[in-house]
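Following: one structure in structure tokens, then a few remarks.
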Amino acid sequence: MGAEKDISGLFPWGNERRFNAFPDYFRRLYGSRMQKVSVDAGFTCPNRDGTKGTGGCTYCNNKAFNPSYCLPEKSVTTQIDEGIKFHKKRYRKVGSYLAYFQAYSNTYAPIDRLSELYYEALNHKDIRGLVIGTRPDCLNDEILDFLKELSKRCILLLELGIESCYDKTLLRINRGHSFKEAVDAIELASSHGLNVSAHFIFGLPGETREEMLREADIISGLPLISVKFHQLQIIKGTRMEEEFKRNPSDFEIFSWDDYLSFIISFLEKLNPGLVVERFTGEAPPRFLAREVWGKKRSDQIIGLIEKKLEELDTWQGKRYNGVMA
Ligand code: SF4
């Protein structure tokens, strides 16, 4: 028996939307919509600097995901000021902002340096908290204890790039860590009382659609607060672009209709307690080696997914049989 509506027609996450949406999570907890403002604080990554590897993940080009106002030469404060100005034009209803340490691995530095950067963000008058993106192997007890203390003073979400639940894929995309290491990091962070979010990519080479669908069961059992999903985008200049040119049949490149139907099936199996932040990535077209789906923006995509859920009278967790997160 999966998740059901209650007597007043509300889903387990407390509203009539057919999935457990990220903006509603913040409204429930803090009474207003939160907007993330990206910051590039000039970190690097152990999969690039030689500690774990040198080439990085085969799909990686951080420039493709960094907004234009994000440049590590600018101070954290300047990036936040410019980011807020940018978002104010687009979203009038934003209540507060979270500084999103997004580029590369944002816990990959000594504690003193992390503290200096995070507090610069928190000292900004419009910032209510932090979202810290990092790799599973860039955490340890010292960093987690520090984040735990910080989380008593502000909203804090730790975002881990996991990408796939399969070691064969993680090896192939040169992530430099196994799925077990990712699960251990999620469990360790969660045992420190931190809110942990995880990021996954659908369409990585060598993975079948059935294998991707099975990830819903695996992810549903992890101690996560929220999840982000992206379709694979092949970015110009990456090693994956070369691989794709050599062997395109090894990639499950979704058409929009296929992706929509995949996401609906995936959502039906997903733990209804997990907050879903994204269903798609949105790299600017100039970075894409292969453009797909026309010019659909992420908010339009959410609208189309909700319309389909309505048409099929289905919802997140309808076919989920485990314990709600
Ligand atoms: S861990 Fe992140 S920053 Fe490092 S190479 Fe992979 S995708 Fe790029």
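Restricting the first member to segment 1-15 and to residues that are within 17 Å of ASN321 (Cβ to Cβ), and the second to residues that are among the hydroxyl-bearing types (Ser, Thr, Tyr), the beta-carbon pairs closer than 9 Å and six or more apart or on different chains are GLY2/TYR320; ALA3/TYR320. In the set GLY31, GLY53, only one residue is within 16 Å of the ligand (Cβ to nearest atom) and either touching a Leu at 6+ places or on another chain (Cβ under 8 Å) or not aliphatic (A, V, I, L, M) (or both); that residue is GLY53.
Can you spot a residue in segment 5-15 that is in a loop (DSSP other than H, G, I, E, B), of a type outside the set (A, V, I, L, M, F, W, C), more than 26 Å from ILE80 (Cβ to Cβ) and modelled with pLDDT of 95 or more?
Looking for residues that are in a loop (DSSP other than H, G, I, E, B), of a type outside the set (A, V, I, L, M, F, W, C), more than 26 Å from ILE80 (Cβ to Cβ) and modelled with pLDDT of 95 or more, one finds none in segment 5-15, hence no.
State all residues of segment 16-33 that are within 24 Å of PHE266 (Cβ to Cβ) and part of a helix (DSSP H, G or I); if no residue qualifies, say none. Give the derivation first.
Step one: list which residues in segment 16-33 are within 24 Å of PHE266 (Cβ to Cβ), which gives 16-26, 28.
PHE22, PRO23, ASP24, TYR25, PHE26, ARG28 - these are the residues of segment 16-33 that are within 24 Å of PHE266 (Cβ to Cβ) and part of a helix (DSSP H, G or I).
Within segment 248-265, the residues that satisfy the criterion of being touching a strand residue (DSSP E or B) at 6+ places or on another chain (Cβ under 8 Å) and assigned to a helix (DSSP H, G or I) are TYR259, PHE262, ILE263. Number of residues in segment 225-237 that are part of a loop (DSSP other than H, G, I, E, B) and either out of contact with any helix residue (DSSP H, G or I) (no Cβ under 9 Å at 6 or more places or on another chain) or open to solvent by less than 10 Å² (accessible area, probe 1.4 Å) (or both) equals 1.
Consider segment 111-132 and keep the residues that are without any contact (Cβ under 8 Å) to a residue 60 or more places away in the chain, open to solvent by less than 40 Å² (accessible area, probe 1.4 Å) and outside any helix (DSSP H, G or I). The one that is nearest to the ligand (Cβ to nearest atom) is ILE132. Among the residues of segment 140-174, the ones that are touching a Ser or Thr at 6+ places or on another chain (Cβ under 6 Å) and open to solvent by less than 60 Å² (accessible area, probe 1.4 Å) come to 6 in all.
Please indicate, with yes or no, whether at least one residue in segment 75-96 is open to solvent by less than 30 Å² (accessible area, probe 1.4 Å), touching a Gly at 6+ places or on another chain (Cβ under 9 Å) and under 23 Å from SER197 (Cα atoms).
Taking segment 75-96 first, the residues open to solvent by less than 30 Å² (accessible area, probe 1.4 Å) are 76, 79-80, 83-84, 87, 94, 96.
In the following step, the residues that additionally are touching a Gly at 6+ places or on another chain (Cβ under 9 Å) were identified as 96.
If we keep only those that are under 23 Å from SER197 (Cα atoms) as well, we get 96.
Checked segment 75-96: at least one residue is open to solvent by less than 30 Å² (accessible area, probe 1.4 Å), touching a Gly at 6+ places or on another chain (Cβ under 9 Å) and under 23 Å from SER197 (Cα atoms).
Do the conditions hold for LYS5, that is, is it of a type in the set (Lys, Arg) and surrounded by 14 or more Cβ atoms within 10 Å (Cβ to Cβ)? Criteria not met by LYS5.
Checking the condition open to solvent by 60 Å² or more (accessible area, probe 1.4 Å) and assigned to a helix (DSSP H, G or I), which residue from ASP299, ASP313 passes? Don't jump to the end; show me each part of the working.
Numbers: ASP313 fails: assigned to a helix (DSSP H, G or I).
Unique residue meeting the criteria: ASP299.
Do we find that TRP315 is over 28 Å from LEU222 (Cα atoms), in contact (Cβ under 8 Å) with a residue 24 or more places away in the chain, touching a Phe, Trp or Tyr at 6+ places or on another chain (Cβ under 7 Å) and not polar (S, T, N, Q) in this structure? The answer is no for TRP315.
Which one is surrounded by the most Cβ atoms within 10 Å (Cβ to Cβ) among residues in segment 238-267 that are in contact (Cβ under 8 Å) with a residue 60 or more places away in the chain and out of contact with any Leu (no Cβ under 9 Å at 6 or more places or on another chain)? Going through the qualifying residues, I end up with THR238.
The values are calculated or read from the model by the stated rules, or taken from the named source; none is laboratory data. Predicted, not measured: the structure shown is a model, and the values here were computed from it. Every residue, glycine as well, gets a Cβ built from its backbone with ideal geometry; the counts of neighbours run over all protein chains shown. Just so you know, the surface numbers come from the protein's heavy atoms only, side chains and all, with ligands and any DNA or RNA stripped out. Shrake-Rupley method; radii C 1.70, N 1.55, O 1.52, S 1.80 Å.
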